[in-house]
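Structure, as structure tokens:
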């Protein structure tokens with residue numbers, strides 16, 4: 001009975017976190033609220049996984065939202081704009097007639113697409129875990145994504161699985177939103193960050 005009660009309480013905190021995400025998304029007029037609200041979910045997930053404490057979720061969310069408001073918006077919109085440019089190139093390249101130029105352009109666009117995927121996967125967990133200069137978030141994200149590539153693949157597989165489950169059961173999206181995905185990512189990323197910190201200490 002105690003375990004069941006604990007499970008229900010934890011489930012309620014997850015739902016509450018999703019509600020907070022929606023509330024702060026609207027508070028930021030969506031355009032300015034999406035990235036800091038999403039970063040706050042990652043930061044709260046990191047806190048829960050690290051401390052095992054699901055209390056004060058509203059206080060924690062507000063704190064992380066304010067702390068990362070500017071950084072997450074800058075990085076989020078940069079990545080979004082870069083993704084838009086890359087998508088335009090994917091649509092444009094098939095119309096290029098010169099085969100050599102088309103081949104070179106495909107190589108460049110594939111490379112940038114790969115780097116954007118790595119950046120998108122790690123940008124929120126890195127913001128939630130480190131305080132860095134703006135450009136270093138991207139550099140660290142790409143570096144971690146390449147260095148610990150098996151963990152990157154694992155994230156992609158699990159996120160794809162969760163997305164397919166959401167498509168199959170869309171009501172889960174309304175109840176839990178992005179929270180399960182953030183927990184999966186932060187669980188994997190926390191392991192990666194611990195290994196990274198241990199390796200840095202070992203080399204000093």
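Read the figures in this text as sums done on the coordinates, not as results from a lab. Since the structure is predicted, the reported quantities are computational estimates derived from the model, not experimental observations. Positions of Cβ are backbone-derived with ideal geometry, glycine not excepted, and every protein chain shown enters the neighbour counts.
The table for this structure:
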| read-out | value |
| --- | --- |
| Label point distance in nm, residue 62-residue 98, each placed 7 Å from Cα along Cα→Cβ | 5.9 nm |
| Where a label projected 7 Å from the Cα of residue 89 along Cα→Cβ would reach, residues of the stretch 120-146 with amide N under 17 Å | 120 |
| Per-bin percent of Cα-Cα distances, the stretch 67-163 [10 Å] | 14, 39, 32, 13, 2 |
| R0 of 41 Å, Cβ-Cβ distance residue 16-residue 198: FRET efficiency to nearest 0.05 | 0.75 |
| Whole-angstrom gap from the stretch 151-204 to the stretch 82-141, using each part's C-alpha centre | 20 Å |
| Angle between the chain longest axis and helix 34-51 axis [Cα atoms, degrees, rounded to 10] | 50 degrees |
| Per-q log10 I(q)/I(0), the stretch 9-56, q = 0.20, 0.26 Å⁻¹ (Debye; single scatterer per alpha-carbon; no solvent) | -0.64, -0.92 |
| Degrees, to the nearest 10: 179-203 long Cα axis against longest axis of the chain | 80 degrees |
| Net lengthening on full extension, residue 171/residue 74 (0.36 nm per residue, minus Cα-Cα) | 31.7 nm |
| Translational diffusion of the stretch 112-193, µm² s⁻¹ [Kirkwood Rh, Cα pairs; Stokes-Einstein; 10 °C; 1.306 mPa s] | 119 µm²/s |
| Over the stretch 2-203, relative contact order from alpha-carbon pairs under 8 Å, at least 6 apart, % | 25 percent |
